[in-house]
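The values are calculated or read from the model by the stated rules, or taken from the named source; none is laboratory data. These numbers were taken from a predicted model, which means no experiment stands behind them. Every residue, glycine among them, receives a Cβ derived from its backbone with ideal geometry; neighbour counts consider all protein chains shown. Surface areas here come from the heavy atoms of the whole protein model, side chains and all, with no ligands, DNA or RNA. Shrake-Rupley method; radii C 1.70, N 1.55, O 1.52, S 1.80 Å.
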Amino acid sequence: MHTGDPSHQRDCECPATGDVDFALSLYDPCHPNIASEPLIRGSMTAIAPLGSWAKNLDNTALPVADLPKNLIALDLDDHLVSRVMDACEEQGLSFTSYTVVQTYLLARTLVELGAGAAVIDPFTAATSDHSKVQCRPLSPNVPVDLYLLTVKSTPLSRSARAFVECIKEAGAEFIARTS
């Protein structure tokens, strides 16, 4: 799954070349030959080591003003990170990060190991080890869609469509647990 740097065309190349039937992305590439279908919507989520917040605050909205000031940061070129930073700047907030990573998965792993807190996509947050972390969706809400990418001229086979429906159902179930 690609998280969405618009300059990165990997999501489009795979379906367009026929190498795969579909791809999943957190970014709508707006490519002329690629159909994009939003499957699941979630919210950017703060994730922190267990005990960072009172247990009764799990899965409740976290105002951006209450984010830890030293977050594990992600690449600022990521469109979702930019949207989170915009929400923070609108409230006059800035953050210092001593650790910068390239993927949401790496940020989640560092949080699971107790290295700090991060703001990550809801799909990566939903699959975290909840015996080690706590998750809280951001407020104001920063929505995130999981897109199905396919070639416009080639419909999915029944089995591929059934698989996509399984992904959609499982993803919605995971998101419901953390929001």
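Observations on the model:
- Residues that are assigned to a loop (DSSP other than H, G, I, E, B) and in contact with a Lys or Arg (Cβ under 8 Å, 6 or more places away or on another chain) within the range 43-102 comprise Met44, Leu50, Trp53, Asp58, Asn59, Thr60, Ala61, Phe95, Thr96, listed in sequence order.
- Hey, Thr154 under 18 Å from Ser36 (Cα atoms), over 12 Å from the mean Cα position of the chain (by Cα) and part of a strand (DSSP E or B) or not: no
- Among residues of the range 61-74, those that are farther than 16 Å from Glu90 by Cβ and surrounded by fewer than 13 Cβ atoms within 10 Å (Cβ to Cβ), counted: 1
- Per the conditions (1) open to solvent by 50 Å² or more (accessible area, probe 1.4 Å); (2) closer than 13 Å to Val119 by Cβ, the sole criterion not satisfied by Asn56 is (2).
- Restricting the range 91-107 to residues that are open to solvent by 70 Å² or more (accessible area, probe 1.4 Å) and either under 14 Å from Ala125 (Cβ atoms) or touching a residue at least 40 places away in the same chain (Cβ under 8 Å) (or both), the residue that is farthest from the chain's Cα centre (by Cα): Leu106
- Considering only residues in the range 6-53 that are charged (D, E, K, R) and open to solvent by 50 Å² or more (accessible area, probe 1.4 Å), the one that is modelled with the lowest pLDDT turns out to be Arg10.
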